[in-house]
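The values are calculated or read from the model by the stated rules, or taken from the named source; none is laboratory data. Keep in mind it's a predicted model, so treat the numbers as computed, not measured. Here the Cβ is made from the backbone with ideal geometry for all residues, glycine too, and neighbour counts use every protein chain on show.
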Amino acid sequence: AENQEALRLVRRSTTTPLAVGEVFNTVYDYQTLVTEQLIDYVRSAVTHFGGVTPLRKLFDFAAQYQIKSAIHGPEDISPVGMAAAVHLDLAVHNFGIQEYSG
């Protein structure tokens, strides 16, 4: 998916917060990025990550490394999917941002 080695270079070269993961589907895709704190936000959609429970587990994992949530809000998400995303935003301690592409 993402070039994780390149993110090491980007992390060293900037202080701009980094949000990565729109194409990730499992917590394993994030493992290196989170444990090495190469990103500031984990960015996935509830509807593409397997639902509320898997995404909540990802956010709990990321919180251990002071990484915030950034739920992806693609244009193809239904109102129910967006409601699930907002509900999850309110339930996690490391809420960062909610994307909305309306």
Q) Do we find a residue being assigned to a strand (DSSP E or B), touching a helix residue (DSSP H, G or I) at 6+ places or on another chain (Cβ under 7 Å) and β-branched (Val, Ile, Thr) anywhere in the range 60-80? A) yes
Q: State whether one or more residues within the range 88-102 are in a helix (DSSP H, G or I) and among the β-branched types (Val, Ile, Thr).
A: no
Q) Of these, THR53, THR15, THR32, which one is free of Cβ contacts under 8 Å to residues at least 40 places away in the same chain and outside any helix (DSSP H, G or I)? A) THR15
Q. For the range 51-102, what are the residues that are exposed (fewer than 12 other Cβ atoms within 10 Å of the Cβ), at pLDDT 95 or above and among the polar types (S, T, N, Q)?
A. THR53, GLN64, GLN66
(Q) What's the total number of residues in the range 82-102 that are under 21 Å from GLN64 (Cα atoms), of a type in the set (A, V, I, L, M) and free of Cβ contacts under 8 Å to residues at least 24 places away in the same chain? (A) 1
